[in-house]
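The values are calculated or read from the model by the stated rules, or taken from the named source; none is laboratory data. These numbers were taken from a predicted model, which means no experiment stands behind them. Cβ: placed from backbone, ideal geometry, glycine included. Neighbour counts: every protein chain shown. Remember, those area values only see protein heavy atoms, side chains included, never the ligands or the DNA or RNA. Shrake-Rupley method; radii C 1.70, N 1.55, O 1.52, S 1.80 Å.
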Amino acid sequence: MTLVPVAEALTRLLDGVEPLPAESVALHEAHDRVLAEPVVALRTQPPFDASAMDGYATRAADVATAPARLTVIGAAPAGRAFDGTVGPGQAVRVFTGAPLPAGADTIVIQENVRALGDGAIEVLEPTAAERNIRRAGLDFREGDLLLEKGRLLDPAALSLAASANHPRLEVVRRPLVAIIATGDELVAPGDALGPDQIISSNAYGVAAAAASVGATALDLGIAADRKEAIAALVRQAVAAGADVIVTLGGASVGDHDLVHDVLTGEGMTLDFWKIAMRPGKPLMFGRMGAIRCIGLPGNPVASLVCSQLFVKPLLAKLGGRPFAQDIRIAHLGAAMRENDRREDYVRAVVREDDGRLVATPFGIQDSSMLRKLADANGLIVRAPHAPAAAEGDACPVLMLR
């Protein structure tokens with residue numbers, strides 16, 4: 001099978017992908033969700049003219065000059081209006097958020113007032129009309145469009161929706177990705193290891209990548225190298241309502257690479273298999289009805305690099321959220337040899353030096369070496385057939401953090 005270029009593979013993988021259906025969630029569960037419907041104000045905020053400070057509501061004409069003597073005729077704490085009208089030479093004690101008493105058109109802050117006793121106060125500084133007043137509708141009015149469809153709900157957006165009297169919001173359903181590791185050689189962290197076994201690590205990184213774009217990961221564990229074992233977990237994923245099934249390992253061409261046969265046997269239509277990239281050549285993609293199936297390579301670095309390039313964009317699009325790779329231009333910190341026909345993603349340390357980014361590749365790039373990936377904060381992107389590059393040459397870098 002011909003190797004598919006990375007850009008073409010991503011286009012085919014995302015073709016026809018639309019955000020998942022909406023669901024209604026309580027406001028306290030809506031953080032980091034994506035709005036499926038716009039939010040319109042159900043009330044006016046503030047709903048009445050209100051004091052913006054603790055102080056005294058009075059007539060601006062009576063405090064245009066200072067000092068000025070006023071008689072306090074009542075109080076208006078927040079949540080309870082003063083039942084009366086402020087007349088000449090009068091004031092009402094008010095607190096932040098309290099309704100503005102009738103007849104008043106300014107608020108004198110309490111720091112500018114001295115108590116004289118017997119209900120009288122002295123205003124020490126002049127105060128103009130409309131000072132420290134929040135007029136009704138200052139923030140928004142009933143019927144105003146407050147949040148657009150597609151908005152990621154951050155703390156400010158959630159508070160705004162709450163102030164507009166929305167106890168629930170319509171949000172895009174989180175994509176569910178089922179993760180299936182395969183291989184007799186794999187053992188879960190902490191379990192007893194046989195002499196020829198290794199720790200299964202890929203699922204944890206893939207699950208974290210899914211969570212970073214708002215998806216929910218369902219780790220179905222490790223399937224032995226038997227078709228029936230893999231098929232059993234695939235059926236569990238389908239029964240759980242997975243939108244995406246990600247398999248780890250078993251998608252190459254060895255005698256024990258069984259994932260392709262199992263998935264096609266369960267109804268998957270293969271779209272492509274094998275990418276012109278390094279690491280990650282064995283990546284496989286197909287559809288099983290509405291379910292997208294991605295077969296990731298078993299090598300840990302290849303699995304995580306492919307998660308960055310393919311899994312995250314797919315899950316983000318299903319979840320209705322924007323996603324863009326963070327590609328920057330840096331300068332090589334070491335020379336690199338010419339590239340072959342595959343697109344290379346080279347682990348590197350990226351740092352700022354005299355106002356420019358410098359990307360220094362690690363000398364060894366074996367796709368089993370997770371430590372190098374954990375130490376890297378960028379991947380130097382080398383195009384197919386790129387010529388040899390000297391230290392200092394410009395290069396694109398996919399930033400990882």
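Structure above, values below:
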read-out: Beta bridge orientation in the chain: antiparallel %, DSSP, nearest 5; value: 65 percent
read-out: Cα-only radius of gyration and Dmax that characterise the range 290-401, units Å; value: 14.9, 50
read-out: Computed lengthening from Asp32 to Ile364, 0.36 nm per intervening residue step minus Cα-Cα distance; value: 115.7 nm
read-out: Portion, in percent, of the accessible area of the range 68-183 that falls on carbon or sulfur, probe 1.4 Å; value: 49 percent
read-out: The range 97-240: relative contact order in percent, alpha carbon pairs under 8 Å with at least 6 residues between; value: 17 percent
read-out: At R0 = 35 Å, FRET efficiency that the Cβ-Cβ distance of Ala386 and Asp219 yields, to 0.05; value: 0.40
read-out: Heavy-atom accessible area per residue - the range 151-245, 1.4 Å, Å²; value: 45 Å²
read-out: Label point distance in nm, Val349-Glu185, each placed 7 Å from Cα along Cα→Cβ; value: 3.0 nm
read-out: Unsatisfied cross-links (Cα-Cα over 21 Å) in the set Lys281/Lys312; Lys281/Lys317; Lys281/Lys372; value: Lys281/Lys317
read-out: Accessible area in square angstrom per residue, the range 74-136, 1.4 angstrom probe; value: 50 Å²
read-out: Neighbour-limited loop hits for trypsin sites (Lys or Arg not before Pro), the range 29-113 (at most 15 other Cβ within 10 Å; DSSP other than H, G, I, E, B); value: Arg43, Arg80
read-out: Average Cα contact separation per residue, the chain, under 8 Å, 6 or more apart, as relative contact order %; value: 16 percent
read-out: Kirkwood hydrodynamic radius over Cα pairs of the range 10-149, then Stokes diffusion coefficient at 37 °C and 0.692 mPa s, in µm²/s; value: 184 µm²/s
read-out: Leu116/Ala78 FRET efficiency (R0 30 Å; Cβ-Cβ; nearest 0.05); value: 0.75
read-out: Alpha-carbon spread of the chain, three principal axes, descending order, Å; value: 96, 54, 42
read-out: Amide proton proximity set for Ile133, modelled H, under 5 Å, gap of 5+; value: Ala52
read-out: Check: the chain dipole with +1 on Lys, Arg Cβ and -1 on Asp, Glu Cβ, in debye; value: 340 debye
read-out: Label point distance in nm, Thr85-Arg135, each placed 7 Å from Cα along Cα→Cβ; value: 2.1 nm
read-out: Cross-link partners of Lys149 among aspartates and glutamates (Cα-Cα below 18 Å; sequence separation of 8 or more within a chain); value: Glu18, Glu23, Glu29, Asp32, Glu37, Glu170
read-out: Nearest 10 degrees, 0 to 90: helix 227-239 Cα axis against the chain principal axis; value: 20 degrees
read-out: Exposure rule at most 13 other beta-carbon atoms within 10 Å, DSSP loop GluC sites (Glu not before Pro): the chain longest free segment; value: 149-337
